Amino acid sequence: MAFVTQNLIQKFHEDGFLVLERFFTVEECDSMRNQIQRVIAEMEVPPHCRTEFSTKEEEQLQAQGSSDYFLTSGDKIRFFFEKGVLDEKGNFLIAKEKSISKIGHALHAYDPVFKQITHSSKVQFGVFCFVFKELGRKLGLERPVIVQSMYIFKQPGIGGEVTPHQDATFLYTEPLGRVLGFWIALEDATQENGCLWFIPGSHTSGITRRMVRAPPGTSTCVEFVGSEMTYDDNRFVPVPISKGGLILIHGEVVHKSELNRSEFSRHAFTFHVMEAKDTSWSKENWLQPTPELPFPSLYT
């Protein structure tokens, strides 16, 4: 396991992300992968609710943005699919287990395996020994709450690109700087199968756009306000990571991933926490806590 030293914390503050190799064991990664196969086996999504997931602005508004299935997924376990895997009636063109792009957004609350990982109290050798508490406190988190979680598949050959973005565009707080992503590699993430790319230091300039809930009566459930930035590809650095590694992601750092053109998938489990102390969660965010699922504390 990688220990979080003061030097690493300083690097996180400088770059806006931090790579911690061998943070989870192979067995822990395999338990998550095995569990997600059981979830898929029980998957039931009516054809009219099946949407193809995209991070391109226009496609987001056409697909997720017009779907109540997406908008109300914050306190549920729901399924979103890769582009080109559904016909016009929502029927699968390929096997359903090969068609899924991601599952979200409340695995951390309702699935026992992912709940245990998210609230881990052990790290290696059987017992997790308070690593998230220790890590959270070293990063200055006093009252972190979990706002969402996702299992991402990055299917071989068709795993879609994730365009350059900042998480705070979708998970906006006042003040900014209160959202932290935990990205766990459940398989080796390489440049060939779609590892993450970052612009180091890009978390210091704020954000230029937000995705917000649209007013009642509009054609989509969400809309973007502000302008989408264009980034020079030369500024991005690839961040490959081995199975079991963890990447910490600042809410404002610019990152992306490329289309998976390889024959290997790139499974990952990711969740976001917010420092709740002296922080306001925007009521315009697409994702909202509900009476059924208030944002749970990370510390248990």
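The values are calculated or read from the model by the stated rules, or taken from the named source; none is laboratory data. Because the structure is a prediction, the values reported are computed rather than measured. Note that each Cβ is placed from the backbone with ideal geometry, even for glycine, and that neighbours are counted across all protein chains shown. Accessible surface areas use protein heavy atoms only, side chains included; no ligands, DNA or RNA. Shrake-Rupley method; radii C 1.70, N 1.55, O 1.52, S 1.80 Å.
Annotations for the structure displayed:
- Filtered residues of region 199-218 (kept if within 25 Å of residue 281 (Cα to Cα) and either in contact with a strand residue (DSSP E or B) (Cβ under 7 Å, 6 or more places away or on another chain) or among the polar types (S, T, N, Q) (or both)): 202, 203, 204, 205, 208, 209, 210, 211, 212, 213, 214, 218
- Test: residue 114 is farther than 18 Å from residue 184 by Cα, among the hydrophobic types (A, V, I, L, M, F, W, C) and either modelled with pLDDT under 90 or not in a loop (DSSP other than H, G, I, E, B) (or both): no
- Residue within region 280-296 that is part of a loop (DSSP other than H, G, I, E, B), surrounded by fewer than 15 Cβ atoms within 10 Å (Cβ to Cβ) and modelled with pLDDT under 95 present: no
- The residue pairs whose first member lies in region 91-106 and is closer than 30 Å to residue 288 by Cα and in a helix (DSSP H, G or I), whose second member is of a type in the set (Asp, Glu) and open to solvent by less than 50 Å² (accessible area, probe 1.4 Å), and whose beta carbons are closer than 8 Å, counting only pairs six or more residues apart or on different chains, are 99/82.
- Scanning region 158-180 for residues that are assigned to a loop (DSSP other than H, G, I, E, B), charged (D, E, K, R) and surrounded by fewer than 21 Cβ atoms within 10 Å (Cβ to Cβ) turns up just one, 161.
- Scanning region 162-181 turns up one or more residues that are without any contact (Cβ under 8 Å) to a residue 60 or more places away in the chain and on the phi < 0 side of the Ramachandran plot.
- Every residue from region 48-101 that is open to solvent by 30 Å² or more (accessible area, probe 1.4 Å) and at pLDDT below 75: 48, 52, 53, 56, 57, 58, 59, 61, 62, 66
- Selection over region 181-205 of residues that are assigned to a loop (DSSP other than H, G, I, E, B), over 19 Å from residue 149 (Cα atoms) and at pLDDT 95 or above gives a count of 9.
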